[in-house]
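Please treat every number below as a calculation from the coordinates, not as lab data. Not measured: the values here are computed from a predicted model. Backbone-built Cβ (ideal geometry, glycine too); neighbour counts: all protein chains shown.
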Amino acid sequence: EGMHPGSAERTVRHANWSAHGQSAGKDGTEPFISSALSSMPIPARRTIMKTLADIFEHTLQDVYYAENAITKALPKVAKAAKDAKLKKAAEDHLEETKGQIRKLEQVFKSIGKKASGEKCDAIEGLIKETDGLMEEASGTALDAGLLAACQAVEHYEISRYGSLREWAKDLGHDEAHKLLSEILDQEKATNNKLTNL
Ligand code: FE
Ligand code: FE
Ligand code: FE
């Protein structure tokens, strides 16, 4: 006791983030990796989620955060892209993404929960890389790099929605399963479209 301040706090890392324009707050917790690599006792917060329902809801909040972050990043990609088809693909997927946010809100509603976001470190990292690319690349390198960055995001989404829709099925959330499968199909179609540009 007392050796690891904060380890007894059973608070979930929460970004106090909402869908409409507010940015994530600093949560002040230690990065997961550093605690995983050290020989220190496992912090209590790692055992907060226990059930499939818990991880389902948590991951739903993660993708809700990610989709909202994507709606802010895609206009920058569309603007930076030189290739007309890539520009159009980014603009089209922005509109589709806004629809996905509405679908996710329906998913939350269908399981009796209020829509909320939980900071997604993966999307933050992918967007950060893309921002860096826009500063460091031009010409063909920029367009090729942006295309690859967009596909990295689609692959992340495909993996998340693949898990989420299976969990929804296991949990007997039929409407959520249907909606999440629809989003998964859109992400797969977008990835295929990008592959064929
Ligand atoms: Fe999406
Ligand atoms: Fe995430
Ligand atoms: Fe997407």
Q: With label points built 7 Å along Cα→Cβ from the Cα atoms of ALA137 and THR51, find their separation and express it in nm.
A: 4.5
Q) Which of the lysines could a cross-linker span from LYS114 if the Cα-Cα distance has to be under 28 Å and same-chain partners fewer than 8 positions apart are dropped? A) LYS26, LYS50, LYS72, LYS98, LYS103, LYS169, LYS178, LYS188
Q. Hey, could you pull the Cα Rg and Dmax for the stretch 117-159, both in Å?
A. 11.3, 36
Q | Kirkwood estimate for the stretch 148-197, i.e. one over the average of 1/r between Cα atoms, Å | A | 11.1
**Q.** Alpha carbon convex hull of the stretch 95-144, volume per residue in cubic angstrom
**A.** 101
**Q.** When the convex hull of its Cα atoms is projected in every direction, mean area for the stretch 78-197 (nm²)
**A.** 7.4
